[in-house]
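Student: My questions all concern the structure below.
The values are calculated or read from the model by the stated rules, or taken from the named source; none is laboratory data. Note that the structure is predicted; figures quoted are calculated from it, not measured. Cβ: placed from backbone, ideal geometry, glycine included. Neighbour counts: every protein chain shown. Accessible surface areas use protein heavy atoms only, side chains included; no ligands, DNA or RNA. Shrake-Rupley method; radii C 1.70, N 1.55, O 1.52, S 1.80 Å.
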Amino acid sequence: MTAKIDFFFDLSSPWTRLAFANIRPALEGLDYAIGWRPFLVGGVFNAVNPAVYESRKPENAARLARSFGWLKEWAELAGVGMNFPSEHHPLKSVYAMRFCCALENDQPALERFAKAAFEAYFTEARNLDDPAVLVAVAAEAGLDGEAIARQAAGQPIKDRLRANTEEAIARGAYGSPTLFVSGEAGEEHMYFGNDQLPLVRRKVAALA
C-alpha cells in the first residue's frame, strides 16, 4: 500500500527548508506518494498560533540566538546552506507562495522551483519578496518565470493560496512544515517540523 503525504509548506520557514531537503532521504526505500501543498504560514500563525510573534520579541533574543545556532547545526547535518536570518528576514512570502500555487498542478515543476527558491533564500540570501527575483529563480529551475508570474497574479491563484491555508488550519496545522500521512483506510496522522521526520518514516513504514 502506498502511503500518502501532504506536505504543507511556506518558503519563508528555515525548518521547512530542512524538512524539504531531508524528507526524501528519510523515506528512502519506502512506498509513498508526496503532495507539495503551498500555504501561508503567517495566515496560520494569525489564526491559531499567535504565540510565535511573542517569541520573536527583543526580550527573547538570547533564546532566538540559541535556536538559530541549532538551526545551523541541523543545516550542516543536512548538507544545505543556512544563511539565516538574512537582511530579508522576515519574509512576507505572499508572492513566493503564489508562484508555488501556480505550479501546484505540476508537482515535479513545483518541487524543482521550491528547491531553487529555498537555495536562493537560505543560501544566497536573495529577496523572495521581489517578483523579479522569483521570475529569475524559476528560470534557473528551467521554468518559464514570466508565465508563472502572470498566472500567479490572477485571482484563481490568490484564491487557491487562501484555500490551501484554510484547509491546513482546518486539518490542525499550526506552523510550517506540517505533514499529514494517511493510508487506504483514510486515517490521518499529523507531524510538524524537520525533527519529526523519523516519526513520519515510522508511520509510512507501518502503513505499507
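Student: If the requirement is being more than 14 Å from Pro14 (Cβ to Cβ) and surrounded by 17 or more Cβ atoms within 10 Å (Cβ to Cβ), which of these qualifies: Ala117, Ala132, Ala147, Ala138?
Tutor: Every option except Ala138 fails the conditions.
Student: If you check Glu167 against the conditions, is it outside any loop (DSSP other than H, G, I, E, B), of a type in the set (D, E, K, R) and closer than 29 Å to Ala78 by Cβ?
Tutor: For Glu167, the condition - outside any loop (DSSP other than H, G, I, E, B), of a type in the set (D, E, K, R) and closer than 29 Å to Ala78 by Cβ - is met.
Student: Among the residues of region 32-56 satisfying the criterion of being open to solvent by 60 Å² or more (accessible area, probe 1.4 Å) and under 28 Å from Cys101 (Cβ atoms), which is modelled with the lowest pLDDT?
Tutor: Restricting to residues being open to solvent by 60 Å² or more (accessible area, probe 1.4 Å) and under 28 Å from Cys101 (Cβ atoms), the top hit is Tyr53.
Student: Something else now. So, Glu59, is that one modelled with pLDDT of 95 or more and open to solvent by 60 Å² or more (accessible area, probe 1.4 Å) or not?
Tutor: no
Student: Restricting attention to region 64-82, which residues are under 18 Å from the mean Cα position of the chain (by Cα) and over 20 Å from Val41 (Cα atoms)?
Tutor: Within region 64-82, Lys72, Trp74, Ala75, Ala78, Gly79, Val80, Gly81 qualify.
Student: Output the number of residues of region 123-150 satisfying the condition of being out of contact with any Leu (no Cβ under 9 Å at 6 or more places or on another chain) and assigned to a helix (DSSP H, G or I).
Tutor: Going through region 123-150 one residue at a time, the tally reaches 10.
Student: Taking the stated definitions as given, is Gly145 on the phi > 0 side of the Ramachandran plot and either at pLDDT 95 or above or over 19 Å from the mean Cα position of the chain (by Cα) (or both)?
Tutor: For Gly145, the condition - on the phi > 0 side of the Ramachandran plot and either at pLDDT 95 or above or over 19 Å from the mean Cα position of the chain (by Cα) (or both) - is not met.
Student: Can you tell which of Arg112, Arg201 is in a helix (DSSP H, G or I), buried (at least 18 other Cβ atoms within 10 Å of the Cβ), of a type in the set (Lys, Arg) and at pLDDT 95 or above?
Tutor: The match here is Arg201.
Student: Kindly indicate the residue of region 70-100 that is open to solvent by less than 50 Å² (accessible area, probe 1.4 Å) and outside any helix (DSSP H, G or I) and also nearest to Ile157 (Cα to Cα) among those meeting that condition.
Tutor: Of everything passing the filter in region 70-100, Ser93 is nearest to Ile157 (Cα to Cα).
Student: A further question on this structure: Answer yes if at least one residue in region 170-191 is over 19 Å from the mean Cα position of the chain (by Cα), open to solvent by less than 50 Å² (accessible area, probe 1.4 Å) and without any contact (Cβ under 8 Å) to a residue 60 or more places away in the chain, and no otherwise.
Tutor: No.
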